[in-house]
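The values are calculated or read from the model by the stated rules, or taken from the named source; none is laboratory data. Note that the structure is a prediction, hence the values are computed from the model and not measured. Cβ placement follows ideal geometry from the backbone for every residue including glycine, while neighbour counts extend to all protein chains displayed.
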Amino acid sequence: MSSTRLVSKRSYNDLTIAEITSEAEISVGAFYSRFQNKEALFNKLRECLGQETQNRINTALAIDWSEISLHELLLYVVTNNVELYEKYRGVLMAIYLNTRVFQAHRDDELIAYNLKIVSQIETLLLMKRDELHHRQPRVAIRTAVACMASMLRDAIVFNDRSLYPKPQDTATVIRQVTRIMHQFLAAEAP
């Protein structure tokens, strides 16, 4: 979807219908024949993000991880998340910005979606329970996933250089986030 490519470069909120139609090489009329407005396109992009995320999780859950280490599994999880964050950068930026602007407004659908995804990642990582050394592995996993999401949001979606002062390539971000998660999850609890 060409709009996905476009919003991977810029915030969805900043795009105009003219820019979207130009990128898609369609007329404004063709846009409006498919979408009522820009919000309808945004909802479609959110749906695509959700479906692709679910497809990737289903694929991961179908893999036999018995011969794979926790580190390799985390590398797989982080890499998939980085790919999604890069592909849907503008959509995620709009979601994050709207969440911040409308703190009082609870998006129960988004909250339920996030809980479902985190629960599925938890299920995946619990397959490596023997390598998790925390007394409360579920709490540790959810903390690690929250940290990953925060780091990827800042590094990829918002390109925050205050936390990542040197230009970081994707491979470096993946390695560092995986390393942090692995050290946290595999560390002996005090």
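A few remarks follow.
- Scanning region 64-95 for residues that are of a type in the set (Ser, Thr, Tyr) and in a helix (DSSP H, G or I) yields a total of 3.
- Each residue in region 146-155 was checked for being surrounded by 15 or more Cβ atoms within 10 Å (Cβ to Cβ) and within 10 Å of the chain's Cα centre (by Cα), and 4 pass.
- Checking THR178, THR170, THR143 one by one, the residue that is within 22 Å of VAL91 (Cα to Cα), polar (S, T, N, Q) and surrounded by 14 or more Cβ atoms within 10 Å (Cβ to Cβ) is THR170 and no other.
- Scanning region 24-36 for any residue that is assigned to a helix (DSSP H, G or I), modelled with pLDDT under 80 and either under 24 Å from SER119 (Cα atoms) or not small (Gly, Ala, Ser) (or both) turns up at least one such residue.
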